[in-house]
Amino acid sequence: MVGLGETGITYLTLGCLTGTAASKHRWKAESMEFQPVERIMEEIMRRYDRNPRGWQVYIGRGAGGYQNLFFSHKTDLESKLYLIKQHHLSPYKALGLGAKIEGKQLPAIESQEFGLRPVPQNELLELFDENLSQKILREILSRNPVSITDASKASSLLSGPIIHVGQTSGFLSKEQEELDLKLKIELEKLLWKHYPERMRLSV
């Protein structure tokens, strides 16, 4: 992730965010199906590639102090919300799982749409000029996001923005809070199974 300027904006590349320890399994808690982050991210990427408009991404701490990622996608016909809970094992590896919630959204926060935006070479250089970076950044973010297919043709990309919310419990519905707690329980089961020595140290 790379942060720029005083805007508090962080940029994230769409991709796999976790390790492989849970990649072949699914979990169910009552009627909610939990899936490995790889599978959730694959669905998000397919959906984004079909329609890169209407996305927002939120990041913060949820139940248990673990990192929560919310991918919200809203169109005229439907809305979907993906919640991912993960624990970083190292700067390059995380273990996590997530769930998809149909028709449920987070409270709207005024922000540009999340997405991939091509950056021409001349603008890329200006982003590193402290006198021009904020103006160029606003200009780039005012453009519509493009699909992954179209973005792959660009030499440079800006990916984001991500909205940082601190503790996510402050804006979740009761149903979403219950899901967050269930994800915490299932994530800790995975951590105890695959990394018991780490969990013993944290108790």
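A compact table of results
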quantity: Single condition GLN112 does not satisfy, out of (1) surrounded by 14 or more Cβ atoms within 10 Å (Cβ to Cβ); (2) out of contact with any helix residue (DSSP H, G or I) (no Cβ under 6 Å at 6 or more places or on another chain); calculated: (2)
quantity: Matching residues in region 53-83 - criterion: being within 17 Å of PHE34 (Cα to Cα) and among the aliphatic types (A, V, I, L, M); calculated: ALA63, LEU69, LEU81, LEU83
quantity: The listed residue being assigned to a helix (DSSP H, G or I) and more than 14 Å from PHE34 (Cβ to Cβ), out of SER169, SER159; calculated: SER169
quantity: Candidate set from region 184-203 (those that are at pLDDT below 90 and aliphatic (A, V, I, L, M)); member that is surrounded by the fewest Cβ atoms within 10 Å (Cβ to Cβ); calculated: VAL203
quantity: Restricting region 64-83 to residues that are closer than 16 Å to LEU95 by Cβ and touching a helix residue (DSSP H, G or I) at 6+ places or on another chain (Cβ under 8 Å), the residue that is surrounded by the fewest Cβ atoms within 10 Å (Cβ to Cβ); calculated: GLY64
quantity: Residue match in region 94-117 (condition: at pLDDT 90 or above, over 16 Å from the mean Cα position of the chain (by Cα) and of a type outside the set (A, V, I, L, M, F, W, C)); calculated: yes
quantity: Within region 134-149, tally of residues that are exposed (fewer than 14 other Cβ atoms within 10 Å of the Cβ), touching a residue at least 12 places away in the same chain (Cβ under 8 Å) and part of a helix (DSSP H, G or I); calculated: 2
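The values are calculated or read from the model by the stated rules, or taken from the named source; none is laboratory data. Bear in mind the structure is a predicted one, so any value in this text is a computation, not a measurement. All Cβ positions, even for glycine, are placed from backbone atoms using ideal geometry, and neighbour counts span all protein chains on display.
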